[in-house]
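Q: Right, I'll just put the structure down here and ask away after.
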Amino acid sequence: MKDQIFAAIERYETIIIHRHVRPDPDALGSQGGLACLIKDNYPNKRVYVTGEETESLMFLNRMDDVPDSAYEGALVIVCDTANRERVSDGRYMNGDFLIKIDHHPNEDPYGDVMWVKPEASSVSEMIAELYDYKPDLVMSPEAARLLYAGIVGDTGRFLFNNTTPTTFKTAAKLVEKPFDRQALHDKLYEVTLPLIRLNGYILAHFEMVAGVVGHMRLPLDLTSSYGVSPEEASQLINSFSNVAGIKAWVFFIEESDQIRVRLRSKGPVVNAIAAKFGGGGHPMAAGATVYSWEEADRVLAELVQAATGENA
Ligand SMILES: [Mn+2]
């Protein structure tokens, strides 16, 4: 698989790298880290990164303006995106050759070449692995900074159970490069005042069912009264994840015309529940969209059933 990826990189003059909508540090880190790999080691290639930007993560990497004409005869690589409808910038189909690099379950296989590794903590970890594939590939401090950010993001600072010995070995190699790790951590975990106030509300008001399932509803009028967007509110998903007894939890975050469901777990498989409502994700972290609070109640009922039938 990695052979085919390098063969494609070597074959094309223009390479455009995409990732998922609502980018997180792994989306941006893997996208930017791969761009560095190509730019630093194949200096004659034209490399673009594209997708919508999120204010709070602009410190990681900024996007390029990619003209439509750039896609003619180009290689397109999509990082960290399980489903085609989640690719940011719909022009990803306009290239000559398409590669998918991802670590989510391969529910929507797409592309001429796919490298999908669900056991990887992050796509950033996979891109770091690409650097080892060929001797003499140069890794710049900037590449290391981006890939490290992606790994830290997707592993919750090495706390989630997707963290493997490979994750630590990879991280150890990355931090050998001279980038400012303290500054990166500070920016990654910086919280705005409105968000920390909303966190206080959540800690005071989340509910527990049967002592094992936590849930929180965030109607739009509530988040907007705190001056927090629904998207920002979802950063608080792990707010009460350490309460004693909890096995799984869910946030229902209302947007203007839909309710985002964010499921997290320490045991019960939650992507199967998400799939019943048209969503998906990892076994321990998944999401879906519902369109009424009644439907949200049904998600919660499914989660309670999964968690109380579980003897972990
Ligand atoms: Mn990821």
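Q: For segment 118-146, name all the residues that are crowded, with 18+ Cβ neighbours inside 10 Å and within 12 Å of the ligand (Cβ to nearest atom).
A: Those that are crowded, with 18+ Cβ neighbours inside 10 Å and within 12 Å of the ligand (Cβ to nearest atom): ALA120, SER121, SER122, VAL123, SER124, GLU125, MET126, ILE127.
Q: GLY150: closer than 15 Å to ASP80 by Cβ and in contact with a strand residue (DSSP E or B) (Cβ under 8 Å, 6 or more places away or on another chain), yes or no?
A: Answer is no for this residue.
Q: Which one is nearest to PRO141 (Cα to Cα), of the residues in segment 168-205 that are β-branched (Val, Ile, Thr) and at pLDDT below 95?
A: VAL191
Q: Which members of segment 150-196 meet the condition of being in contact with a His (Cβ under 9 Å, 6 or more places away or on another chain) and part of a helix (DSSP H, G or I)?
A: Listed by number, the residues that qualify are VAL152, ASP154.
Q: Still on this structure, I have one more. With the checklist (1) modelled with pLDDT under 95; (2) surrounded by 15 or more Cβ atoms within 10 Å (Cβ to Cβ); (3) within 21 Å of TYR110 (Cβ to Cβ) in hand, flag the one item ILE5 doesn't pass.
A: (1)
Q: Between a residue in segment 14-31 that is touching a residue at least 24 places away in the same chain (Cβ under 8 Å) and any residue that is among the aromatic types (Phe, Trp, Tyr) and more than 13 Å from the ligand (Cβ to nearest atom), which pairs come within a Cβ distance under 6 Å, given they are 6 or more apart or on different chains?
A: What qualifies is ILE16/TYR48; HIS18/TYR92.
Q: Return the total of residues in segment 170-217 being among the aromatic types (Phe, Trp, Tyr), surrounded by 12 or more Cβ atoms within 10 Å (Cβ to Cβ) and within 23 Å of the chain's Cα centre (by Cα). If you could, list the steps in order and put the result at the bottom.
A: Within segment 170-217, the subset among the aromatic types (Phe, Trp, Tyr) is 179, 189, 201, 206.
After this cut, where a residue has to be surrounded by 12 or more Cβ atoms within 10 Å (Cβ to Cβ) as well, the list is 179, 201, 206.
Adding the requirement that they be within 23 Å of the chain's Cα centre (by Cα) leaves 179.
Qualifying residue count for the region: 1.
Q: Suppose the filter is over 21 Å from LEU57 (Cα atoms), touching a residue at least 60 places away in the same chain (Cβ under 8 Å) and outside any loop (DSSP other than H, G, I, E, B); does GLY214 pass it?
A: So GLY214 fails the test.
Q: Then there is this: Within the group VAL78, VAL21, VAL66, VAL87, which residue is more than 25 Å from ASP132 (Cβ to Cβ), touching a strand residue (DSSP E or B) at 6+ places or on another chain (Cβ under 6 Å), assigned by TED's automatic domain parsing to the domain that holds PRO135 and within 16 Å of the ligand (Cβ to nearest atom)? Write out each step before concluding.
A: On the way: VAL78 fails: more than 25 Å from ASP132 (Cβ to Cβ); VAL21 fails: touching a strand residue (DSSP E or B) at 6+ places or on another chain (Cβ under 6 Å); VAL66 fails: within 16 Å of the ligand (Cβ to nearest atom).
Among VAL78, VAL21, VAL66, VAL87, only VAL87 is more than 25 Å from ASP132 (Cβ to Cβ), touching a strand residue (DSSP E or B) at 6+ places or on another chain (Cβ under 6 Å), assigned by TED's automatic domain parsing to the domain that holds PRO135 and within 16 Å of the ligand (Cβ to nearest atom).
The values are calculated or read from the model by the stated rules, or taken from the named source; none is laboratory data. Being a predicted model, the structure only gives us computed values, none of them experimental. Glycine also receives a Cβ, built like all others from the backbone with ideal geometry; neighbour counts cover every protein chain displayed.
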